[in-house]
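Asks: Next up is a structure, given as structure tokens.
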Amino acid sequence: NGGYVNNGQQLNTSSSNYPLRGGKISVYEGGVRTPSLVWAPNRVTPGEETSAMIHVTDWLPTIWSLASLQGELTPNNPIQTKPLDGVNQWDVICGKLPPKREEILINIDPFPDPSLTGHQTAQAALRWRDWKLIIGGGGPPFGWVPKPVPVCRGIDCPDTEDIPHDFDNYHHSQEHVNNEELNDMDYTNYTELYNIKHDPAETWNVYRQYPGVVEFLRRKLDGYNQTAVPPLCVPIDPASNPKYFNNTWMPWKDEGMVQYNFAEEEVEDLLT
């Protein structure tokens, strides 16, 4: 999720999803919205677009429906699945049906770890229809990054003014870039409400104007919290270091695998 990986540009644009707000690890649109495409000759009209909410979990049931693996058991469909989190969005993608999703739970993080994510307070975010509620601050990053400058290596480099964007009317300016005031705020229980349809760059926090919407979405978050499983924050195990497995990330506690025992100073060295 979020913008492109760093390719030699300045760090403040390395996670740019311009002109959306935020970037990787944030719950602003710049950290959660991702473009997707479908190539399906004779099934999808070329150039067809949809702004429907589609979650990553929807891709499995959508693709399975095309492969006739979802539904009742038949001689040609011997696979029976457990209930899936996603929904079949194929008719939505094809423009034959209205959106099936009204909401997406973006995140609930009751135990932030600033060393990993930068979050200093508990955080939650929910999208419902055109509305998006954020509790505890949506970042970091909290602000907006500048228009990206292409890094060209041996190819014709496009003029940055030709980069398509549609959000210039949303008061999104250079003044927001690296805004220290945003970064230094206390976000404990801080409330943000945005209308994503009319303000996709999340520039106008309208939670004071729509208290009823805030309360409604808070109750939805409370409902998710009632069935949420507490996150299992497992300490780093130095024995998992890829350098012990030919520099490969892999399971390290399987039966029969070599177990490494470290002296205390070795553990400290691995974690720094």
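The values are calculated or read from the model by the stated rules, or taken from the named source; none is laboratory data. Quantities reported herein were computed from a predicted structural model and do not represent experimental measurements. When we count neighbours, we look across all protein chains shown, and the Cβ atoms used for this are built from the backbone with ideal geometry, even at glycine. Protein only, heavy atoms only, side chains kept; ligands, DNA and RNA dropped before computing areas. Shrake-Rupley method; radii C 1.70, N 1.55, O 1.52, S 1.80 Å.
Asks: Do you know which of the residues in the range 1-47 that are at pLDDT below 80 and not in a loop (DSSP other than H, G, I, E, B) is most open to solvent (accessible area, probe 1.4 Å)?
Replies: For the range 1-47, the residue satisfying everything is LEU11.
Asks: Separate question: In the range 179-188, what count of residues is obtained for those that are under 21 Å from the mean Cα position of the chain (by Cα) and either modelled with pLDDT of 75 or more or part of a loop (DSSP other than H, G, I, E, B) (or both)? Before you say what the answer is, go through the steps one by one.
Replies: Of all residues in the range 179-188, those under 21 Å from the mean Cα position of the chain (by Cα) come to 182-183, 187.
Still in the running and either modelled with pLDDT of 75 or more or part of a loop (DSSP other than H, G, I, E, B) (or both): 187.
Qualifying residue count, the range 179-188: 1.
Asks: Right, here's the next one. Being hydroxyl-bearing (Ser, Thr, Tyr), at pLDDT 85 or above, in a loop (DSSP other than H, G, I, E, B) and open to solvent by 30 Å² or more (accessible area, probe 1.4 Å): is that true of THR50 here?
Replies: Working: hydroxyl-bearing (Ser, Thr, Tyr): yes; at pLDDT 85 or above: yes; in a loop (DSSP other than H, G, I, E, B): yes; open to solvent by 30 Å² or more (accessible area, probe 1.4 Å): yes.
Here the answer is yes, as THR50 does meet what is asked.
Asks: Next question. Condition first: open to solvent by less than 60 Å² (accessible area, probe 1.4 Å) and either modelled with pLDDT of 85 or more or touching a strand residue (DSSP E or B) at 6+ places or on another chain (Cβ under 7 Å) (or both). Now tell me which residues in the range 111-129 satisfy that.
Replies: Of everything in the range 111-129, those that are open to solvent by less than 60 Å² (accessible area, probe 1.4 Å) and either modelled with pLDDT of 85 or more or touching a strand residue (DSSP E or B) at 6+ places or on another chain (Cβ under 7 Å) (or both) turn out to be PRO112, HIS119, ALA122, GLN123, ALA124, ALA125, LEU126, ARG127, TRP128.
Each row is one residue, and each column tells you yes or no for (1) in a loop (DSSP other than H, G, I, E, B); (2) open to solvent by 60 Å² or more (accessible area, probe 1.4 Å); (3) of a type in the set (Phe, Trp, Tyr); (4) under 28 Å from VAL27 (Cα atoms).
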| position | (1), (2), (3), (4) |
| --- | --- |
| LEU193 | no, no, no, yes |
| TRP204 | yes, yes, yes, yes |
| ARG208 | yes, yes, no, yes |
| GLY223 | no, no, no, yes |
| CYS233 | yes, yes, no, yes |
| LYS253 | yes, yes, no, no |
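Asks: In addition: Can you find a residue in the range 54-64 that is modelled with pLDDT of 90 or more, under 16 Å from the mean Cα position of the chain (by Cα), open to solvent by less than 20 Å² (accessible area, probe 1.4 Å) and farther than 30 Å from ARG208 by Cβ?
Replies: Here is the first cut: in the range 54-64, the residues modelled with pLDDT of 90 or more are 54-59.
Next, only the ones that are under 16 Å from the mean Cα position of the chain (by Cα) stay: 54-59.
Still in the running and open to solvent by less than 20 Å² (accessible area, probe 1.4 Å): 58.
Checking which are farther than 30 Å from ARG208 by Cβ leaves us with 58.
Yes, the range 54-64 contains at least one residue that is modelled with pLDDT of 90 or more, under 16 Å from the mean Cα position of the chain (by Cα), open to solvent by less than 20 Å² (accessible area, probe 1.4 Å) and farther than 30 Å from ARG208 by Cβ.
Asks: Could I ask something else about it? What are the pairs with Cβ atoms under 6 angstrom where one residue, in the range 204-230, is closer than 23 Å to PHE142 by Cα and the other, located anywhere, is among the hydrophobic types (A, V, I, L, M, F, W, C) and in a helix (DSSP H, G or I)? Sequence gap at least six, or different chains.
Replies: Every condition considered, the pairs that remain are TYR207/VAL214.
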